[in-house]
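To start, the structure under review is shown below, and the notes come after it.
The values are calculated or read from the model by the stated rules, or taken from the named source; none is laboratory data. In this text the structure is predicted, and so the values were computed from the model without any measurement. Cβ: placed from backbone, ideal geometry, glycine included. Neighbour counts: every protein chain shown. For the accessible areas, the whole protein counts, side chains as well, though only heavy atoms, and no ligand, DNA or RNA atoms are used. Shrake-Rupley method; radii C 1.70, N 1.55, O 1.52, S 1.80 Å.
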Amino acid sequence: GQEWIFTKGAYDVILEKSSRIQQGNTAAMITPADKKRLEQQNNKMAGSGMRVLGFAYAPVSGTPQEKNLIFLGLSGMMDPPRKEAKQAVITCRKAGVKTVMITGDHKLTACAIAKQIGIYQKGDLCLTGRELEKMSDQDLDHVVQKVTVFARVSPSHKLKIVRSLKRKGNVIAMTGDGVNDAPAIKEANIGVSMGITGSDVTKQAADVILLDDNFSTLVAAIEEGRVIYQNLRKFSRYLRSCNIGEVL
């Protein structure tokens, strides 16, 4: 007859809501030593590119509330990037297109994956949502060109990032699939939605829909677009030179 609450989520968020930790069949108060040990384990898993989740539970008395939870432990999951993603990022860089990762993952996880696919280079910056909240628009504008990874961000942060990049004179293409991505996709110069996993709201806000949800397809589209643009310029020059000659 006992009711329980079970929850999972970002390790640091779950730990903040927990006052005790499971030890065998009992629960003990969380000590600074426990937090240090958990932080070390989280950093170890996140640094290897794993997505780390924290798990907790608590007996319910009265109205269910997510506080004073009993922390159970961590779970690390591998979510490796697609093989074609690395080559697509390299192609973008050669073409003068900068790729920026915006994710809800832990900072260490995001940086590890970004390094694997070539988004994060030596000398680049990585900002978290909490750091963004403390920065004014002017502060963000000052460093945004150097940032290639934004971690632990919320929907409002995405909108702030897009606006900052636009203020710096960039032409922005923003990709996303969830309802929360729609404002940032609408704000960007080119909004791109996922065709398979994308929500209806995001698709309506987007200018382009990727039918296969593949980043490399977007790179191919940029390449084809540039070919068309170059052909239009060549044809325009040809017509101008011919018509001027005929007039003369």
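When the stretch 5-36 is filtered for residues that are over 11 Å from residue 56 (Cα atoms), open to solvent by 100 Å² or more (accessible area, probe 1.4 Å) and either in contact (Cβ under 8 Å) with a residue 24 or more places away in the chain or not in a helix (DSSP H, G or I) (or both), the ones remaining, listed by number, are 25, 29. Look at (1) modelled with pLDDT of 90 or more; (2) open to solvent by less than 20 Å² (accessible area, probe 1.4 Å); (3) not β-branched (Val, Ile, Thr) and you find that residue 57 fails only one, number (2).
Condition first: open to solvent by less than 50 Å² (accessible area, probe 1.4 Å), assigned to a strand (DSSP E or B) and touching a helix residue (DSSP H, G or I) at 6+ places or on another chain (Cβ under 6 Å). Now tell me which residues in the stretch 103-149 satisfy that. Hits for the stretch 103-149 are 126, 128, 149.
Within the stretch 14-34, track down each residue that is within 11 Å of residue 71 (Cα to Cα) and either of a type outside the set (S, T, N, Q) or out of contact with any Phe, Trp or Tyr (no Cβ under 9 Å at 6 or more places or on another chain) (or both). Walk me through how you get there before you give the answer.
If we filter the stretch 14-34 for residues that are within 11 Å of residue 71 (Cα to Cα), which is where we start, we get 14-23, 27-30, 34.
Listed by number, the residues that qualify are 14, 15, 16, 17, 20, 21, 23, 27, 28, 29, 30, 34.
Got at least one residue in the stretch 55-68 being in a helix (DSSP H, G or I) and hydrophobic (A, V, I, L, M, F, W, C)? Checked the stretch 55-68: no residue is in a helix (DSSP H, G or I) and hydrophobic (A, V, I, L, M, F, W, C). The residue pairs whose first member lies in the stretch 176-191 and is more than 14 Å from residue 153 (Cα to Cα), whose second member is open to solvent by 70 Å² or more (accessible area, probe 1.4 Å) and of a type in the set (Asp, Glu), and whose beta carbons are closer than 9 Å, counting only pairs six or more residues apart or on different chains, are 179/200; 185/207; 188/207; 189/207; 190/207; 191/207. Contact map, the stretch 206-223: residues that are under 17 Å from residue 98 (Cα atoms) and at pLDDT below 90 paired with residues that are open to solvent by less than 60 Å² (accessible area, probe 1.4 Å) and in a loop (DSSP other than H, G, I, E, B), Cβ distance under 7 Å, separation 6+ or inter-chain. No pairs are found.
Do we find a residue being under 19 Å from the mean Cα position of the chain (by Cα) and surrounded by 14 or more Cβ atoms within 10 Å (Cβ to Cβ) anywhere in the stretch 63-70? Give the steps one after another, and end with the answer.
From the stretch 63-70, those under 19 Å from the mean Cα position of the chain (by Cα) are none; that's our starting set.
Checked against the condition, which is being under 19 Å from the mean Cα position of the chain (by Cα) and surrounded by 14 or more Cβ atoms within 10 Å (Cβ to Cβ), the stretch 63-70 yields no hits at all.
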